[in-house]
1. Going down the list Lys112/Lys185; Lys24/Lys107; Lys78/Lys138; Lys78/Lys185; Lys64/Lys96; Lys24/Lys64, which pairs span over 20 Å between their C-alpha atoms?
2. So, in nm, how far is label Gln23 from label Arg124 when the simple model puts each one 7 Å beyond its Cα toward the Cβ?
3. What list of ³J(HN,Hα) couplings, whole Hz, do you get for segment 31-47 from phi and the Karplus terms 6.51, -1.76, 1.60, once you set θ to phi - 60° and write x for glycine and proline?
4. Could you pull out which residues in segment 181-202 have an amide N less than 16 Å from a spot 7 Å beyond the Cα of Asp217, following the Cα-Cβ vector?
5. Arrange the following residues from fewest to most other Cβ atoms within 10 Å of their Cβ: Thr234, Thr210, Thr73, Thr140.
6. Between Arg261 and Glu203, what's the calculated FRET efficiency when r is the beta-carbon distance and R0 is 22 Å? Round to 0.05.
7. What do you get for trypsin sites (Lys or Arg not before Pro) in segment 200-301 restricted to DSSP loop and a cutoff of at most 16 other Cβ within 10 Å of the site's Cβ?
8. Using the number of other C-beta atoms within 10 angstrom as an exposure proxy, rank Phe76, Phe233, Phe193 with the fewest first.
Amino acid sequence: MNENNANINWFPGHMAKTERQMQKSISLVDLVIEVVDARIPVSSKNPYLDKLWSRRPRIIALNKADLADPEETARFRKWYEAQGYGTIAIDALHGKGMRDIQPLAQKLCADKLQREKERGREGRRLRLMVTGIPNVGKSTVINRLTGRSEAAKTGNKPGVTRHEQWIRIGSDMELLDTPGILWPKFEDPEIGFRIACIGSISEDVVDTYTIALRLFDYIRPGYSKELAARYRFTEDELALTAEELLPVLAQHRGFVLGRGRLDLERAANTFLDDYRSGRIGRITLEQCPEIPSDDGQAASTDNAAAETPEGK
Ligand code: G4P
């Protein structure tokens with residue numbers, strides 16, 4: 001990826017509006033569910049939310065856990081919990097892990113509800129909202145939580161201003177029907193690269209060939225067996241540079257243009273699609289930083305990284 005691609009503005013001209021909307025929505029809720037992509041749990045999280053929402057309870061939902069390395073996901077959960085967040089690992093597409101969200105939300109808001117009870121205010125519903133950068137699965141999470149099949153389609157734009165709509169979930173909660181949209185941090189080119197790998201940057205503004213080459217190099221040390229299995233690479237081939245390896249992939253797959261010329265763009269796209277849909281394996285692109293030894297008091301459920309077969 002070139003420098004320009006890494007520095008693109010996600011919502012040129014809409015940033016201020018997005019901020020205003022987020023501030024307004026956030027002032028209405030008790031708890032925020034911040035959806036991140038479990039394959040890049042740090043790069044897909046925007047610290048801007050920390051400024052807006054520093055003290056109040058938050059659940060970090062590591063979504064797309066079905067595509068991420070389960071051990072890394074478990075480590076990242078611990079790491080976030082040590083920082084005081086509630087966490088959950090989910091696969092919203094298939095509805096796994098979702099049923100743990102409500103008890104965790106209640107647990108995280110228990111003190112607040114107790115205080116309100118002592119002041120004579122009892123029995124109100126908790127108000128929640130979902131936030132996150134584009135494509136992490138916010139709409140899918142909202143639809144799962146509310147049981148709707150088609151809702152919350154925002155097109156990842158700040159959206160038209162309208163009255164907030166609350167959807168009941170269970171007997172004691174309600175959820176804002178529109179997600180809060182955050183923008184990715186592109187100041188760091190490395191973050192831009194990772195976000196491009198998971199497919200959250202429009203293909204129009206990234207150089208897929210360069211991203212594919214870098215991704216090859218990135219995952220090869222830890223996942224050479226998976227790469228060999230998927231693309232029938234020999235050991236010798238796996239030792240090639242990424243630039244030499246992509247033509248091999250094209251050859252193995254028969255991606256040939258006229259006169260024997262290899263279709264490297266198709267090879268690059270195939271490789272990226274395979275990574276994004278988990279066909280190479282469950283691969284996390286970030287390593288969890290060291291977890292502080294004195295574990296914080298963060299609340300958590302024992303939700304097993306969305307491994308459970310049942311949905312909500
Ligand atoms: P957003 O609101 O944050 O922008 O994300 P959205 O829910 O639209 O989800 C983005 C894509 O990620 C969708 O796929 C969705 O199906 C997929 N997705 C969401 N959650 C999960 C998950 O837990 N696991 C997996 N594997 N995929 C998930 P799409 O192909 O872009 O759209 P569609 O063809 O499904 O409509």
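Every number in this text was worked out from the coordinates using simple rules, so none of it is lab data. Since we're looking at a predicted model, the values are computed, not measured. Every residue, glycine as well, gets a Cβ built from its backbone with ideal geometry; the counts of neighbours run over all protein chains shown.
1. Lys112/Lys185; Lys24/Lys107; Lys78/Lys138; Lys78/Lys185; Lys24/Lys64
2. In this crude label model, Gln23 to Arg124 measures out at 2.2 nm.
3. Taking θ as phi minus 60°, the curve returns 8, 10, 9, 8, 8, 10, 8, 4, 7, 9, x, 9, 5, 8, 10, 9, x Hz for segment 31-47.
4. 189-194, 197
5. By the 10 Å Cβ count, ascending, the order reads Thr234, Thr210, Thr140, Thr73.
6. The formula returns an efficiency of 0.50 here.
7. Those satisfying the criteria are Arg232, Arg261, Arg279.
8. In order of increasing Cβ crowding within 10 Å: Phe233, Phe193, Phe76.
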